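What follows is a single structure, written as structure tokens, with notes after it.
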2 protein chains.
Amino acid sequence: MIKKLINTPGEEVREMLEGMALAFPEIIRLDPQWNNVYRAYKKPSYKVALVSGEPAHAGYVGYGMLDAAAAGATFTSPTVPQVLAAIKEVATEAGVLVIIKNYSGDVMNFTSAVKMAQAQGIKVDYVVVNDDVSIAEKEKRRGTTITVLVHKIAGAAAEEGWSLSEVKRVAQKVIDNGRDIGVALTPCSVPAAGKYTFELGPDEIEFGIGIHGEPGVQRIKYIQSKDLAKIMVDKIAEDLGLKKGDEVFLVVQGTGGTPYMEKFVFYRDVRKYVESLGLKVFGSWIGEFMTSLEMQGGRVAILRLDEELKRLLTAPAYTIAVRITGPMTLPVVT
Amino acid sequence: MIKKLINTPGEEVREMLEGMALAFPEIIRLDPQWNNVYRAYKKPSYKVALVSGEPAHAGYVGYGMLDAAAAGATFTSPTVPQVLAAIKEVATEAGVLVIIKNYSGDVMNFTSAVKMAQAQGIKVDYVVVNDDVSIAEKEKRRGTTITVLVHKIAGAAAEEGWSLSEVKRVAQKVIDNGRDIGVALTPCSVPAAGKYTFELGPDEIEFGIGIHGEPGVQRIKYIQSKDLAKIMVDKIAEDLGLKKGDEVFLVVQGTGGTPYMEKFVFYRDVRKYVESLGLKVFGSWIGEFMTSLEMQGGRVAILRLDEELKRLLTAPAYTIAVRITGPMTLPVVT
């Protein structure tokens, strides 16, 4: 057994969602039949609705972002009936965009649910996020942090009443211009399994990790934050073909068990290195956005911006994890 | 050595503050001479200014909360000249309230700085927060989470132009009506020391911990979240003399390395138990507010409310860690 602040292993997703719904009843409601989280107030019918999966995404349900998050068990895809229930619950006349992360279980279950919804006459389309730059082959790249920026930007477009094809276009633009990479200093453990998903030596770093506790692509010797920042940013900058003068948005985050002190030291190092490449930092989110339970480590995501993305990124949002209200347009440190 | 996402041990506080100032230049500025963090824009002279210590408090500098945070090295009080520099930098004609946590080093250095500032003709007073209910003797109780609610409530009073004696009165009211308690599932480590501050067995919990990695008052066997919630809430409710029908504010937080999943499960259990006692939950903050580096564990703080405290608690604030803007009065999950 590995100590955690939970009750019976296997119940943790449900109990976490109950906690979120108790704390924020004006933002979300929990459907106990499916463990799905919906907005407290349904969106008007002329706006496209957004559906995504993963327990973490309950934090992004609310005005300006998602309409539904279907949560599977820890590190497991939600089932087809569960995703279908979410699509049916939030569907509007304008249609539904489903945002899928490129994990085989997710892609299979979400696309099946999309097909079943279409067969039932619901207007629904989807995008697949594959931003994890640590994997060379593009079709094998996992969906990680950029997923949350798709929620934010496509969500803002949906609130403005864009058509389904236009919301999909801008979601795909975020995917095409965003990359993410992560490292672990310590592993994590799924409660029901009661053991770590991999083992790491006291001077080792797991490089190029996913978000579900999978081992990375390479094991390296411990190096300092500024050296990690350089390697990680270089990997993204090369893959995206970033050029001097490009405007970018940064997401610098812990992996679930990383204290704020380390997150801000790491942010400092990422930011300084990004600026040393001649890139312009339009803004940043620093905190915990797509994490792996108690794992200590860090992730960096970079999104290349244009005027359209900048406007939608800073448009109002009101969710548990991201609040952009009034004239103060910076996101919360969450 | 214990792996961390930092650079040279001993530089982590400075580099964290640099990261915060790079990310939020419209909220804070860093004085590199003293490692002090000030508001980006100075408060008008008719408002009382608020000064506190601790690296973490840089997250509470900004409109509606602190004017200055003086940061010592990790788990060390800031020095007398450093605190004096902070007081002098933000002092207004209305005066300065210094918020001190009840740790011997802090009390000594902060009260010395207060006396020196008074000798230089600055109007300055202070309060001492001693909310850690795990210690029986009241004068030995450490200052922990309630400190942040003093920042919030006294900060709102200061923005409204209250006199120094009135701001001090309401700060003391928060201290008199607030209690906190914490547990650790794992220890933490100061970077320069390179070792854990205590050792815990795989089925042990350290009960009644401070915020600087000190051992707790008791070592107990591992129990589930809902059982911990009951013991911790009972301890506070008894000490505060809470009665059925009392209105309370909850702060439920991790200790730095606790993932959001566990924080929300623990919140659920605290909230349900608090309500089972007949207490009314006015609102909650859930996140990381007063933490201990990478320690895994949890803290619960409860503040008994009246109409004055409720109003000031939900008044606008705009800091890195707490944002209350416009009509949406819930704090961020930070």
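The values are calculated or read from the model by the stated rules, or taken from the named source; none is laboratory data. The structure presented is a predicted model; accordingly, all values stated were derived computationally and were not measured. Cβ sites come from the backbone with ideal geometry, for glycine too, and all protein chains shown count toward neighbours. Please note that ligands, DNA and RNA were not included when accessible areas were found on the heavy atoms of the full protein model with its side chains. Shrake-Rupley method; radii C 1.70, N 1.55, O 1.52, S 1.80 Å.
Details
- Longest stretch of chain B clear of exposed loop sites (trypsin sites (Lys or Arg not before Pro), DSSP loop, at most 11 other Cβ atoms within 10 Å, sites excluded): B:1-194.
- GNM remark for chain A: springs join alpha carbons under 10 Å apart, and the peak mean-square fluctuation among A:F289, A:F24, A:F266 falls on A:F24.
- 10 Å binning of all Cα-Cα separations within region A:69-132, expressed as whole percents from 0 upward: 23, 57, 19, 1
- In this structure, A:S163 and B:Y222 have a Cβ-Cβ separation that, at R0 = 45 Å, corresponds to a calculated FRET efficiency of about 0.25.
- Dipole moment magnitude, nearest 20 debye, region B:12-176 about Cα centre, only Lys, Arg, Asp, Glu C-beta charged: 320
- By the Stokes-Einstein formula, at 0.692 mPa s and 37 °C, chain A with its Kirkwood radius over alpha-carbon pairs has D equal to 165 µm²/s.
- Share of pairwise Cα separations in region A:208-283, more than 17 Å, in percent: 50
- Per-residue 3J(HN,Hα) values for region A:129-145, derived from phi via the Karplus relation 6.51 cos²θ - 1.76 cosθ + 1.60 with θ = phi - 60°, read 8, 9, 9, 6, 6, 5, 9, 5, 6, 4, 6, 9, 5, 6, x, 10, 5 Hz in sequence order (x marks Gly and Pro).
- Placing +1 on the Cβ of every Lys and Arg and -1 on the Cβ of every Asp and Glu, with nothing else charged, gives region B:169-288 a dipole about its Cα centre of roughly 360 debye.
- DSSP-defined antiparallel bridges as percent of all bridges, region A:178-324, nearest 5: 75
- Within 10 Å of the Cβ of each residue in A:6-16, the mean number of Cβ atoms contributed by other protein chains is 5.
- For the residues B:I211, A:I220, a 1.4 Å probe over the protein chains yields an accessible-area ranking, largest first, of A:I220, B:I211.
- Chain B - percent relative contact order, Cα under 8 Å, separation 6 or more: 17
- Using Cβ point charges alone (K and R +1, D and E -1), the dipole size of region A:241-301 about the Cα centre works out to roughly 260 debye.
- For A:E139, the solvent-accessible surface with a 1.4 Å probe is about 140 Å², rounded to the nearest 10.
- For region A:12-176, a/c is less than 1.5, where a ≥ b ≥ c are the root eigenvalues of the C-alpha gyration tensor. That puts it in the rounded class.
- Computed with a 1.4 Å probe over protein heavy atoms only, the accessible area of B:L22 comes to about 50 Å².
- Those chymotrypsin sites (Phe, Trp or Tyr not before Pro) in region A:31-124 that DSSP places in a loop and that have at most 10 other beta carbons within 10 Å: A:Y46
- Under the span-like rule (Cα at least 15 Å along the axis, Kyte-Doolittle mean at least -0.5), DSSP H helices of chain A: A:12-23, A:80-90, A:104-119, A:146-159, A:164-177, A:225-240
- When chain B is treated as a GNM with alpha-carbon contacts under 10 Å, the residue of B:A156, B:A119, B:A56 showing the greatest mean-square fluctuation is B:A119.
- Whole-Å distance, taken between Cα centres, linking region A:57-91 and region B:122-138: 46
- Counting only DSSP H runs of at least 4 residues, each contributing -39500 (n - 2.57), and dividing by the residue count of the protein assembly as shown, the helix-based mean residue ellipticity at 222 nm comes to -10000 deg cm²/dmol.
- Rel. contact order, % - alpha carbon contacts under 8 angstrom, at least six apart, region A:248-300: 64
- Separation between Cα centres of region B:159-214 and region B:259-291, rounded to whole Å: 17
- Going by accessible surface with a 1.4 Å probe and the largest first, B:Y196, B:Y267 read B:Y196, B:Y267.
- Heavy-atom accessible area for B:E93, with the other protein chains in place and a 1.4 Å probe, reaches approximately 150 Å².
- Here's the picture: charge each Lys and Arg Cβ at +1 and each Asp and Glu Cβ at -1 in region A:1-109, and of A:T74, A:T8, A:Y63 the one pushed furthest to the positive end of that dipole is A:Y63.
- Overall shape of the protein assembly as shown was characterised from the C-alpha gyration tensor. The equivalent ellipsoid obtained from it has semi-axes of 38, 27, 25 Å, in decreasing order.
- Rounded to whole Å, the principal axis extents of the Cα atoms in region A:114-189 read 46, 28, 26, largest first.
- Rh (Kirkwood; distinct C-alpha pairs) - region B:33-102, Å: 11.8
- For region A:160-249, pairs of C-alpha atoms spaced more than 19 angstrom apart make up 57 percent of the total.
- Peptide A:218-226 shows a mean partner chain C-beta count of 2 within 10 Å per residue C-beta.
- Dmax and Rg, reported as Rg then Dmax, of region B:178-324 (C-alpha, Å): 15.7, 48
- Counting only DSSP beta bridges with both residues in the protein assembly as shown, the antiparallel share comes to about 60 percent.
- If both residues of a DSSP beta bridge must be in chain A, then about 60% of such bridges are antiparallel.
- For B:T144, nonlocal amide neighbours, meaning residues 5 or more places apart or on other chains whose placed amide H falls under 5 Å from its own, are B:D131, B:D132.
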